[in-house]
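The structure under discussion appears below in the form of structure tokens.
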């Protein structure tokens, strides 16, 4: 256990919801997926395609209806504690931080929650502030931060316990172009340093720039999988990733 060459594995992963009235909803209909250690992997798809449900099953927030999933070799259902020690989860938006505290105090608080040993906290927090470009601004209250700064602080928070796998769920949503560029630089640095990153995004340029491989999910299934260049090639010589994405999702409709 825990020695797999893959950071993320899913086999026949399914999730259905039973409504009090109406038919059963099949949110995820059988996903097979492997993500190598240190890979920056993109998961693209329209709203309602099953992306968020898939991520929630992989990071132990939802129990699969069928199939199996493993993180670093640990089953997400039977070895939940081991999985949670090895993952970080960062979602887009403004939730999850304490506005009236400084960035430094936020990170100190979450370091305690994550069980980071006190002797390591100071060094770890300093390294993360440097990584996300907030050194020198760490004593300012978060309520005065821009949205891009908040997102970078979210990433620092998700890395406090040094996870092997980081889930980034639309981290650049709602941020301006400059902040998005800084976020992309931070994410690229994470992957370069060996962290496995699973990224969801609606921004095709972001996925094209960052991801080693991309899976396009629609109707609860993976419809295409490959490098950005391979996916572009499916739509023609001059096609963009957006062209390929639209063609793949349209064909699945």
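Bear in mind that the values in this text are calculations on the coordinates, not laboratory data. Bear in mind that the values here come from a model prediction, so they are computed numbers and not experimental data. Cβ atoms come from the backbone with ideal geometry, glycine included; neighbour counts cover every protein chain shown.
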query = What is the extension gain from residue 178 to residue 135, computed as 0.36 nm multiplied by their sequence separation minus the C-alpha to C-alpha distance, in nm to one decimal?
reply = 13.7 nm
task = Provide the FRET efficiency to the nearest 0.05 for the residue 95-residue 120 pair, computing r from the beta carbons and using R0 = 22 Å.
result = 0.25
query = Taking Cα atoms, how many degrees apart are the long axis of helix 118-131 and the longest axis of the chain, rounded to 10 and kept between 0 and 90?
reply = 70 degrees
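What is the extension gain from residue 203 to residue 65, computed as 0.36 nm multiplied by their sequence separation minus the C-alpha to C-alpha distance, in nm to one decimal? Spell out each step's value before the answer.
Numbers: separation 138, 0.36 × 138 = 49.68 nm, distance 3.01 nm.
Answer, rounded to one decimal: 46.7 nm.
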ask   = Taking the alpha-carbon centroid of each part, what is the distance from the range 72-132 to the range 183-233 in angstrom?
value = 23 Å
task = Only Cα pairs under 8 Å and at least 6 apart count here; give the relative contact order of the chain as a rounded whole percent.
result = 24 percent
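At a 10 Å Cβ-Cβ cut-off, how would you order 181, 84, 70, 21, fewest neighbours first? Intermediate results must be reported in sequence, preceding the final value.
Numbers: 181 15, 84 19, 70 23, 21 4.
Ascending number of Cβ neighbours within 10 Å: 21, 181, 84, 70.
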remark   = Taking Cα atoms, the helix 147-158 axis meets the longest principal axis of the chain at an angle in degrees (rounded to 10) of 90 degrees
query = Taking the simple approach of a point 7 Å from Cα along Cα-to-Cβ for both residue 26 and residue 127, what is their distance in nm?
reply = 4.6 nm
note = For 23-34, 4-15, ranked highest to lowest by mean beta-carbon neighbours within 10 Å, the order is 4-15, 23-34
task = Restricting to the chain, compute how many DSSP beta bridges are antiparallel as a %, nearest 5.
result = 55 percent
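Beta carbons within 10 angstrom, averaged per residue: use that to sort the peptides 57-65, 141-149, highest first.
Working: 57-65: 19.2, 141-149: 15.9.
Highest to lowest by the protection proxy: 57-65, 141-149.
If you count, for each residue, the other Cβ atoms within 10 Å and average over each peptide, how do 215-222, 132-139 line up from highest to lowest? Intermediate values should be presented prior to the final figure.
Numbers: 215-222: 21.9, 132-139: 15.6.
Descending mean neighbour count gives 215-222, 132-139.
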